[in-house]
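Take a look at the structure below.
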């Protein structure tokens, strides 16, 4: 468990694009290394490592705890002061953490997160959307052009993450919408 002083400081969840805002918020905890967490997938590892290196380059000691788990594990670690920052997606914040699909703007997300003592930086400038993919030659052979076309091929198997299977905006509503 981290020191009590760390628990009282403002925690940050988010994407690490705005280092000046990030540095201002970290001033209260600059005496200890900033602990950056990441989930168990490559993009999260990379974003966590980028955050750690940017902090180090700015003269702030930082450590990266890679592959700690999924969304809820990282959220609990952040709230429990075991980490200070981790990369997260705005859709995941609204859907899985805050469980409120009505939160569609960054300002709404920030206001909701502030109630937990958590802040959010500006986005990194890219979008990470779920997608279904298949080799083109296989799709052509099966005549697949749209998600709806998958209905005619119940023999196909999908490779999905546990998080996507459990998300409110994940596999269940997709399968229901397209009758898969």
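Residues that are buried (at least 16 other Cβ atoms within 10 Å of the Cβ) and touching a strand residue (DSSP E or B) at 6+ places or on another chain (Cβ under 6 Å): does segment 92-105 have at least one? Among the residues of segment 92-105, not one is buried (at least 16 other Cβ atoms within 10 Å of the Cβ) and touching a strand residue (DSSP E or B) at 6+ places or on another chain (Cβ under 6 Å), which makes the answer no. Taken as a whole, segment 12-24 holds at least one residue that is touching a strand residue (DSSP E or B) at 6+ places or on another chain (Cβ under 8 Å), assigned by TED's automatic domain parsing to the domain that holds residue 88 and either at pLDDT 90 or above or in a loop (DSSP other than H, G, I, E, B) (or both).
When you scan segment 106-122, do you find a residue that is within 19 Å of residue 45 (Cβ to Cβ), in contact (Cβ under 8 Å) with a residue 24 or more places away in the chain and touching a helix residue (DSSP H, G or I) at 6+ places or on another chain (Cβ under 8 Å), even just one? If you could, list the steps in order and put the result at the bottom.
First pass over segment 106-122, keeping only residues within 19 Å of residue 45 (Cβ to Cβ): 121.
Those left that are additionally in contact (Cβ under 8 Å) with a residue 24 or more places away in the chain: 121.
Right, trim to touching a helix residue (DSSP H, G or I) at 6+ places or on another chain (Cβ under 8 Å) and you get 121.
There is at least one residue in segment 106-122 that is within 19 Å of residue 45 (Cβ to Cβ), in contact (Cβ under 8 Å) with a residue 24 or more places away in the chain and touching a helix residue (DSSP H, G or I) at 6+ places or on another chain (Cβ under 8 Å).
Regarding residue 146, is this residue within 21 Å of residue 40 (Cα to Cα) and either surrounded by 15 or more Cβ atoms within 10 Å (Cβ to Cβ) or modelled with pLDDT of 90 or more (or both)? Judged against the criteria, residue 146 is not a match.
Every test in (1) out of contact with any helix residue (DSSP H, G or I) (no Cβ under 8 Å at 6 or more places or on another chain); (2) surrounded by 11 or more Cβ atoms within 10 Å (Cβ to Cβ) is passed by residue 154 save one, and that test is (2).
Which ranges mark the helices (runs of 4 or more DSSP H) fully within segment 53-172 that have 3 or more residues being closer than 24 Å to residue 33 by Cα?
Working: elements: 71-79, 106-114, 136-142, 162-166.
Of the helices (runs of 4 or more DSSP H) lying wholly inside segment 53-172, those with at least 3 residues that are closer than 24 Å to residue 33 by Cα span 71-79.
Mind checking which residues of segment 74-86 are touching a residue at least 12 places away in the same chain (Cβ under 8 Å) and surrounded by fewer than 17 Cβ atoms within 10 Å (Cβ to Cβ)? Full working, then the answer.
Within segment 74-86, the first condition is being touching a residue at least 12 places away in the same chain (Cβ under 8 Å), and the residues that meet it are 74-75, 77-86.
Passing the criteria: 79, 80.
The values are calculated or read from the model by the stated rules, or taken from the named source; none is laboratory data. The structure presented is a predicted model; accordingly, all values stated were derived computationally and were not measured. Glycine gets a Cβ as well: all are built from the backbone with ideal geometry, and neighbour counts include every protein chain shown.
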